[in-house]
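These notes are about the structure you will find just below.
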Ligand code: SF4
């Protein structure tokens, strides 16, 4: 007869540990991280911040505004956990730089470009009059920002909204910038900055976004009153679908909840 110890010893170790105990323990640790990540304040926020209203996909924003339940259970939260931790570290780093060299940086500032859509901007540089957003990116996302690519529309709109928020606080904004930090590299050699100088038509662009958001709120009311989310126009893209809360490729075949996105 096999004892429990012999049974455990015979179990496959898998890829996550050198013994059955270690593999099981890895799975327990992972569960704690995942549960905390899913329940984090960022994931539970109900209002849509500047990072969300700039999505080019009506269906995604309408679904969020309407409070449709999440159907995307594919995305592993680890990249977002690393990004959140790096953001906290960078905020400390720039605050400490103020103490060493005099006031220059405003890290983690609440800004309100629109009363319904406040957010927390990563960094303001008073010397360069620049609004800076930290992005902690994997190699494929980094490649999209480097030439000949351009940052996703959502990033640019987010920055313009932060810029408006800072201007409403009385701070001049000469440019906005993305500081893209390499998430998987062991050095900062790959740090890449994309910038855009302030333009005369920035405010008109921002008003267009607010008008689009107003229309999306009307659609969200219809969805709350029973209109199927899938009847809302969608703009599937590689940038948006994988991280979209409503992405569920199987819905293309099983008529279940969710949006098939770019996997039609
Ligand atoms: S999965 Fe893609 S197409 Fe569908 S709502 Fe999300 S972003 Fe839009």
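Quick look at the numbers
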{"item": "Per-residue [θ]222 nm for the chain (sum of -39500 (n - 2.57) over DSSP H runs n ≥ 4, rounded to 500)", "result": "-13500 deg cm²/dmol"}
{"item": "Fewest-first sequence of 64, 99, 144 by Cβ atoms within 10 Å of each Cβ", "result": "99, 144, 64"}
{"item": "Sorted by Cβ neighbour density within 10 Å, fewest at the top, the residues 216, 154", "result": "154, 216"}
{"item": "With Cα atoms, 0 to 90° folded angle of helix 20-38 axis to the chain main axis", "result": "30 degrees"}
{"item": "Helix 153-168 vs. the chain, principal-axis angle (Cα, 0 to 90°, nearest 10)", "result": "50 degrees"}
{"item": "Highest-MSF residue in the chain out of 148, 236, 113 [GNM, Cα springs under 10 Å]", "result": "148"}
{"item": "Taking the C-alpha atoms of the stretch 160-201, convex hull volume expressed per residue in Å³", "result": "92 Å³"}
{"item": "Relative contact order of the stretch 167-212, pairs being alpha-carbon contacts under 8 Å that are 6 or more residues apart, as %", "result": "34 percent"}
{"item": "Mean Cα-pair separation over length for the chain, i.e. relative contact order, pairs under 8 Å, 6 or more apart, %", "result": "21 percent"}
{"item": "Pairs of alpha carbons in the chain whose separation is greater than 26 Å (percent)", "result": "51 percent"}
{"item": "Most fluctuating residue given options 87, 134, 36, as computed from a GNM of the chain linking Cα atoms under 10 Å", "result": "36"}
{"item": "Ranked 140, 237, 251, criterion: other C-beta atoms within 10 Å, fewest first", "result": "140, 237, 251"}
{"item": "Cα-based Rg of the stretch 63-153 normalised by 2.2 N^0.38 Å, two decimals", "result": "1.34"}
{"item": "Rg/Rg_ref, the stretch 78-208, where Rg_ref = 2.2 N^0.38 Å and atoms are Cα", "result": "1.05"}
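Rule-based calculations on the coordinates, nothing more; no lab input. Everything numeric here is computed off the predicted structure, so don't read it as measured data. Every residue, glycine as well, gets a Cβ built from its backbone with ideal geometry; the counts of neighbours run over all protein chains shown.
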